[in-house]
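The values are calculated or read from the model by the stated rules, or taken from the named source; none is laboratory data. Note that the structure is a prediction, hence the values are computed from the model and not measured. Cβ: placed from backbone, ideal geometry, glycine included. Neighbour counts: every protein chain shown.
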Amino acid sequence: MKSASLPALVFCLFLLAPPPAKAEPCAACAGLDGFVPPDTIDADLYLMVGKAKRSDKVRSVEIQEARGVVKTGLKPAFPGELSCPGIDTEGWAINYTGKRPWPARHKGVDIPQPRGTPIRAIADGTVIAVFENDGNRKGIEIALRHTPEQTGLPFWTYSQYTHLTEMPALAIGDAVRMGAEIGKTGNSGKMGRNIRRDALHFAVLFSEAPSWSNDGRVFVPADGFFMDPVAFYRTEGPYVSAELAQLPSSDKSVPVAYLKTDGTVVPADARRIWPYPCK
Ligand SMILES: [Zn+2]
């Protein structure tokens with residue numbers, strides 16, 4: 001009897017092989033407080049955080065504006081006798097259309113610092129995302145989730161730090177204390193032919209829902225909004241950008257709690273601090 005040809009045999013083995021296991025996008029996320037599978041988060045929220053195909057970019061900016069990415073006029077206020085790393089020209093919600101080959105907004109603030117400067121956790125929290133972001137603009141990224149108990153704010157908040165110079169030593173699920181080093185300042189993240197300056201891109205998101213996800217490429221709070229990162233330091237509401245924009249100019253200067261280089265927190269009972277110490 002003639003034996004089966006080799007191609008036929010390979011084909012039979014292919015049919016017998018079990019289907020490849022579905023890749024778990026964030027295996028380490030599964031047991032964390034509030035984590036829900038990526039496909040349970042509304043598609044608009046992925047567009048909000050910037051996971052958008054070229055054809056979705058206009059819609060993505062519309063969602064970002066509806067969910068907080070609009071200018072507020074807030075400014076951080078630091079004590080005059082100290083030198084605190086501040087936001088440069090790359091402020092909150094500025095229009096990046098023209099800087100990009102598609103419509104875009106700046107969904108955070110940039111704080112320049114020398115390469116390697118430690119970045120500090122702005123509140124107690126848990127690491128929910130660490131991305132290498134190879135080939136995209138954000139570069140190396142870490143994100144923390146903060147519960148209302150940890151910040152004293154009446155919702156869940158998420159802090160995002162990008163352009164790190166190297167992969168952070170922390171892993172998803174690690175608990176961090178306010179002021180702990182979470183990574184080092186750098187300029188990672190592709191910018192076409194231009195070389196990015198060394199700076200932290202710092203962003204804050206918030207949600208009244210505790211659930212969030214991480215699909216292996218982005219983290220997404222369920223029904224989340226972006227917040228002007230300066231608003232995170234306000235001691236009372238509003239926190240919604242459209243409402244902040246309406247405040248009288250006398251309320252636009254926000255005293256920011258901070259760490260001193262000797263490790264003391266000012267004011268001592270602060271639960272939210274600036275991501276770099278003041279000298
Ligand atoms: Zn930025």
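Please work out which one of (1) of a type outside the set (Lys, Arg); (2) surrounded by 14 or more Cβ atoms within 10 Å (Cβ to Cβ); (3) touching a strand residue (DSSP E or B) at 6+ places or on another chain (Cβ under 7 Å) is the condition Val70 fails and give its number.
With (1) of a type outside the set (Lys, Arg); (2) surrounded by 14 or more Cβ atoms within 10 Å (Cβ to Cβ); (3) touching a strand residue (DSSP E or B) at 6+ places or on another chain (Cβ under 7 Å) applied to Val70, the lone miss is (3).
Yes or no, residue by residue, for (1) at pLDDT 95 or above; (2) surrounded by 19 or more Cβ atoms within 10 Å (Cβ to Cβ); (3) assigned to a loop (DSSP other than H, G, I, E, B):
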| site | (1), (2), (3) |
| --- | --- |
| Gly173 | yes, no, yes |
| Leu205 | yes, yes, no |
| Ala209 | yes, no, yes |
| Val220 | yes, yes, no |
| Leu247 | yes, no, yes |
| Gly263 | no, no, yes |
| Ile273 | yes, yes, yes |
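Which residues, counting only those in the range 169-212, are more than 16 Å from the ligand (Cβ to nearest atom) and among the hydrophobic types (A, V, I, L, M, F, W, C)? Spell out the reasoning first.
Our first condition is that a residue be more than 16 Å from the ligand (Cβ to nearest atom); within the range 169-212, this holds for 169-182, 184, 193, 206-212.
Hits for the range 169-212 are Ala169, Leu170, Ala171, Ile172, Ala175, Val176, Met178, Ala180, Ile182, Phe206, Ala209, Trp212.
Restricting to the range 175-203, name every residue that is assigned to a strand (DSSP E or B), at pLDDT 95 or above and aliphatic (A, V, I, L, M).
Ala175, Val176, Ile182, Ala199, Leu200, Ala203
Given the options Glu141, Glu149, Glu166, name the one that is within 16 Å of the chain's Cα centre (by Cα) and modelled with pLDDT of 95 or more. Give the derivation first.
Values: Glu149 fails: within 16 Å of the chain's Cα centre (by Cα); Glu166 fails: within 16 Å of the chain's Cα centre (by Cα).
Matching residue, one of Glu141, Glu149, Glu166: Glu141.
Being more than 18 Å from Met227 (Cβ to Cβ), surrounded by fewer than 19 Cβ atoms within 10 Å (Cβ to Cβ) and touching a residue at least 60 places away in the same chain (Cβ under 8 Å), is that true of even one residue in the range 97-112?
Yes.
How many residues are assigned to a strand (DSSP E or B) and either within 25 Å of Pro277 (Cβ to Cβ) or touching a strand residue (DSSP E or B) at 6+ places or on another chain (Cβ under 7 Å) (or both) if we restrict to the range 84-102?
1
Look at the range 120-152 and say how many of its residues are outside any loop (DSSP other than H, G, I, E, B) and among the small types (Gly, Ala, Ser).
Counting residues in the range 120-152 that are outside any loop (DSSP other than H, G, I, E, B) and among the small types (Gly, Ala, Ser) gives 3.
Since Gly189 meets every condition but one in (1) at negative phi; (2) crowded, with 19+ Cβ neighbours inside 10 Å, which condition does it not meet?
With respect to (1) at negative phi; (2) crowded, with 19+ Cβ neighbours inside 10 Å, Gly189 is out only on (1).
If you check every pair at least six apart or on different chains, which have Cβ atoms under 7 Å apart with a residue in the range 201-222 that is within 15 Å of Ile172 (Cα to Cα) first and a residue that is outside any strand (DSSP E or B) and within 16 Å of the ligand (Cβ to nearest atom) second?
Final answer for the pair search is Val218/Val49; Val220/Val49.
Please indicate, with yes or no, whether at least one residue in the range 103-119 is away from the ligand (no atom under 16 Å from the Cβ), assigned to a strand (DSSP E or B) and closer than 21 Å to Arg272 by Cα.
Looking through the range 103-119, at least one residue is away from the ligand (no atom under 16 Å from the Cβ), assigned to a strand (DSSP E or B) and closer than 21 Å to Arg272 by Cα.
Could you grab me the full set of residues in the range 120-131 that are of a type outside the set (Val, Ile, Thr) and either within 11 Å of the ligand (Cβ to nearest atom) or in contact with a helix residue (DSSP H, G or I) (Cβ under 8 Å, 6 or more places away or on another chain) (or both)?
Those that are of a type outside the set (Val, Ile, Thr) and either within 11 Å of the ligand (Cβ to nearest atom) or in contact with a helix residue (DSSP H, G or I) (Cβ under 8 Å, 6 or more places away or on another chain) (or both): Ala123, Asp124, Gly125.
Please enumerate the residues belonging to the range 51-83 that are modelled with pLDDT of 95 or more, closer than 22 Å to Pro275 by Cβ and part of a loop (DSSP other than H, G, I, E, B).
Once the filter is applied, which keeps residues that are modelled with pLDDT of 95 or more, closer than 22 Å to Pro275 by Cβ and part of a loop (DSSP other than H, G, I, E, B), the range 51-83 yields Gly68, Val69, Lys71, Thr72, Gly73, Leu74.
Name the one entry in Thr157, Thr89, Thr147, Thr151 that is more than 28 Å from Glu208 (Cα to Cα) and either within 14 Å of the ligand (Cβ to nearest atom) or in contact with a Ser or Thr (Cβ under 9 Å, 6 or more places away or on another chain) (or both).
Thr89
Taking the range 153-171, which residues are under 20 Å from Pro114 (Cα atoms) and outside any strand (DSSP E or B)?
Thr165, Glu166, Met167, Pro168, Ala169
Starting from residues that are without any contact (Cβ under 8 Å) to a residue 60 or more places away in the chain and farther than 17 Å from Gly179 by Cα, keep the ones in the range 113-132 and report whichever is farthest from the chain's Cα centre (by Cα). Steps first, answer last, please.
Residues of the range 113-132 without any contact (Cβ under 8 Å) to a residue 60 or more places away in the chain: 125, 127, 130, 132.
Those left that are additionally farther than 17 Å from Gly179 by Cα: 130, 132.
Numbers: Val130: 10, Glu132: 13 Å.
So the residue we want is Glu132.
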